[in-house]
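Take a look at the structure below.
The values are calculated or read from the model by the stated rules, or taken from the named source; none is laboratory data. Fair warning: this is a prediction, and the values are worked out from it, not measured in the lab. Cβ sites come from the backbone with ideal geometry, for glycine too, and all protein chains shown count toward neighbours. For accessibility, only protein heavy atoms count, side chains too; no ligands or nucleic acids. Shrake-Rupley method; radii C 1.70, N 1.55, O 1.52, S 1.80 Å.
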Amino acid sequence: MTRIVRTVAELREQVRAWKAAGEQVGLIPTMGALHEGHLSLVRLAQTKVKRTVASVFVNPKQFAPHEDFDAYPRGEARDAELLESAGCDLLFAPNAAEMYPQGFSTTINLTGVSEPLEGAARPQFFGGVATVVTKLLIQAQPDIAVFGEKDYQQLQVIRRVTRDLDLPVEIVGAPTARAEDGLALSSRNAYLSAQERAAAVALPDAMKAAIAAVQAGERIETAEAAGKAALAAAGFRQVDYFDFRDADDLSRLGPDALNGAKARLLAAAWLGKTRLIDNMGA
Ligand code: AMP
């Protein structure tokens, strides 16, 4: 059975015991409502280390007051079953008081790669993510930590934070797990009505089309405009961004050609009340 612990002390004791036995440890931070994408992270970790720890914590610090913290799907029993089926060794499921005790006053302050895209659309987001992930890395002291490319900018921010703060952990990126029609798996897909779910495939479709167009010589600016228009036509009510960016520092590319740059197309768009994000290598 996947053991569940709720305190940092219990987590540390277990990780210490594994390390004393010469076993390496991988951490997979999540907000729960687990799906195949999360489990693919556990499996990737298992190819690299003997022991895996998944954390489930819906982190209040990364939600703005108007965002979906209260509505975010939760279900520990199902999460624990899925982790068990994937062979995960430990579930760390702290409550908010364990993570942010009375008087908690510290937030990581970021610049650079955190600023555009998600950082512009959700100003509090990466500070909250970086703070909780740094805490989790210090709490668990894993050898590796696995994050999904699904949240590509988050992965780049976490790589930056671990380098900048000399955190002794290897950050591993995992490819995006997708549904059969190409939609990236996400806990937030549960918000979509059947009709919205059918329309949502326009997001990966528009991205693939834009990448193919740019690779065939279309101007970046033109391909971005066509992608946004395709999303509007499919019923998306707002596109926060649909941008070709440098794959490492996420600086803007274009308006003309990729010019050999290592590029990534990143997008965020609203379908009804649901905000979907995705990205692909270009
Ligand atoms: P979340 O629970 O959404 O905060 O995600 C926890 C971790 O799972 C993050 O590293 C995400 O990037 C990763 N993740 C979420 N969805 C997917 C997916 N479809 N494929 C791969 N990784 C994912």
When you look at ALA184, is it within 15 Å of the ligand (Cβ to nearest atom), more than 26 Å from ARG16 (Cβ to Cβ) and either touching an Asp or Glu at 6+ places or on another chain (Cβ under 6 Å) or not assigned by TED's automatic domain parsing to the domain that holds GLU67 (or both), yes or no? yes
(1) closer than 26 Å to SER40 by Cβ; (2) touching an Asp or Glu at 6+ places or on another chain (Cβ under 9 Å); (3) not acidic (Asp, Glu): which one isn't true of PRO116, the others all being true? (1)
Filtered residues of the range 190-199 (kept if within 21 Å of the chain's Cα centre (by Cα) and either surrounded by fewer than 19 Cβ atoms within 10 Å (Cβ to Cβ) or without any contact (Cβ under 8 Å) to a residue 12 or more places away in the chain (or both)): ALA190, ARG197
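Conditions (1) away from the ligand (no atom under 15 Å from the Cβ); (2) surrounded by fewer than 21 Cβ atoms within 10 Å (Cβ to Cβ); (3) not polar (S, T, N, Q), marked per residue:
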{"residue": "ALA97", "(1), (2), (3)": "yes, yes, yes"}
{"residue": "GLN102", "(1), (2), (3)": "yes, yes, no"}
{"residue": "GLY112", "(1), (2), (3)": "yes, yes, yes"}
{"residue": "LEU137", "(1), (2), (3)": "no, no, yes"}
{"residue": "ALA140", "(1), (2), (3)": "no, no, yes"}
It is to be established whether one or more residues within the range 6-17 are open to solvent by 70 Å² or more (accessible area, probe 1.4 Å) and within 9 Å of the ligand (Cβ to nearest atom). no
If you go through LEU91, LEU110, the only one that is in contact with a strand residue (DSSP E or B) (Cβ under 7 Å, 6 or more places away or on another chain), modelled with pLDDT of 95 or more and not hydroxyl-bearing (Ser, Thr, Tyr) is LEU91
Out of the residues in the range 214-231 meeting the condition of being acidic (Asp, Glu) and within 27 Å of the chain's Cα centre (by Cα), tell me which one is nearest to ALA257 (Cα to Cα). GLU221
Qualifying positions in the range 216-242 - in contact with a strand residue (DSSP E or B) (Cβ under 6 Å, 6 or more places away or on another chain) and within 30 Å of ALA190 (Cβ to Cβ): GLU224, GLY227, LYS228, LEU231, PHE236, ARG237, GLN238, VAL239, ASP240, TYR241, PHE242
Within the range 21-51, can you find the residues that are aliphatic (A, V, I, L, M) and either in contact with a strand residue (DSSP E or B) (Cβ under 8 Å, 6 or more places away or on another chain) or crowded, with 22+ Cβ neighbours inside 10 Å (or both)? VAL25, LEU27, ILE28, MET31, LEU34, LEU41, VAL42, LEU44, ALA45, VAL49
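From the residues in the range 62-84 that are away from the ligand (no atom under 13 Å from the Cβ) and touching a residue at least 24 places away in the same chain (Cβ under 8 Å), which one is surrounded by the most Cβ atoms within 10 Å (Cβ to Cβ)? I'd like the intermediate steps shown before the answer.
Taking the range 62-84 as the starting set, the residues that turn out to be away from the ligand (no atom under 13 Å from the Cβ) are 64-67, 70-71, 76-78, 80-81, 84.
Subset that is touching a residue at least 24 places away in the same chain (Cβ under 8 Å): 64, 67, 71, 76, 78, 80, 84.
Numbers: ALA64: 12, GLU67: 14, ALA71: 11, GLU76: 13, ARG78: 13, ALA80: 21, GLU84: 13.
Residue satisfying both the conditions and the ranking: ALA80.
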Quickly run through the range 147-172 and pick out the residues that are open to solvent by less than 30 Å² (accessible area, probe 1.4 Å) and either within 9 Å of the ligand (Cβ to nearest atom) or without any contact (Cβ under 8 Å) to a residue 12 or more places away in the chain (or both). PHE147, GLY148, TYR152, LEU155, ILE158
Restricting the range 20-61 to residues that are in contact (Cβ under 8 Å) with a residue 40 or more places away in the chain and among the charged types (D, E, K, R), the one farthest from the ligand (Cβ to nearest atom) turns out to be LYS48
